[in-house]
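First the structure, in the form of structure tokens, and then the observations on it.
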Amino acid sequence: MEPRMNLFDHEIGARIGKRIYAVSQVIQESPLPGATQELVQLRASQLNGCGFCADIHAKDAEAAGETSARLHLVATWRHSTVFTEAERAALALTEEGTRIVDAHGGVSDATWAQVREHYDDDQTVALVSLIAMINATNRLGVILDNRGGSYTPGRLATVTG
């Protein structure tokens, strides 16, 4: 099935896509660990039902050395032993930040305290921004009906470049 529209085939869409990618580059270059970034993006994409983004972040994480066990267990991280306490805090923030509409209270003080226990100011800003950006990207992917399955690791940079 073909996507409804290719964002990059249109001037405004290409400009928006390049700016989204530029923000993502700032986050990638931040002190937030790369493995955490990929796990967060994968988990948000799973929650939002964005196969396109889940495909990208699972494959890019694997290409960067992430283990298949951790990638397979990210959806069930609360019942898994393979994630650090810092990663668990980031995944909890991801879920609460992604599910704002049905979390009723938004991000809990307990989750925020866990994040602040493990991440400094720069890492926290990057983490919060990452969660916001992947949620925006997931919505683009789902609305435009981009499907997962055909992504080649590392290709995202060449598409948006």
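Taking a quarter of the surface of the convex hull around the Cα atoms of the chain, what do you get in nm²?
Value for the chain: 9.5 nm².
Along Cα→Cβ, 7 Å out, is where each label goes; now give me the distance between the ones at ARG15 and ALA86 in nm to one decimal.
About 3.9 nm separates the two model spin labels.
List the GluC sites (Glu not before Pro) within the range 8-64 that DSSP assigns to loop and that have no more than 11 neighbouring Cβ atoms inside 10 Å.
GLU29
Please give the contour-minus-distance gain from ALA75 to ARG147: 0.36 nm per residue of separation, less the Cα-Cα distance, rounded to one decimal in nm.
24.0 nm
Taking a point 7 angstrom from the Cα of GLU117 along the C-beta vector, which residues in the range 71-96 have backbone N less than 15 Å away?
Output list for this probe position: 84-93.
Please identify the chymotrypsin sites (Phe, Trp or Tyr not before Pro) of the range 56-117 that satisfy two criteria: DSSP loop assignment and at most 10 other Cβ atoms within 10 Å. Which are they?
Those that pass, being in a loop and sparsely packed, number zero.
Bear in mind that the values in this text are calculations on the coordinates, not laboratory data. The shown structure was predicted, so the numbers you read here are calculated from the model rather than taken from an experiment. Virtual Cβ from ideal backbone geometry, glycine too; neighbours counted across all protein chains shown.
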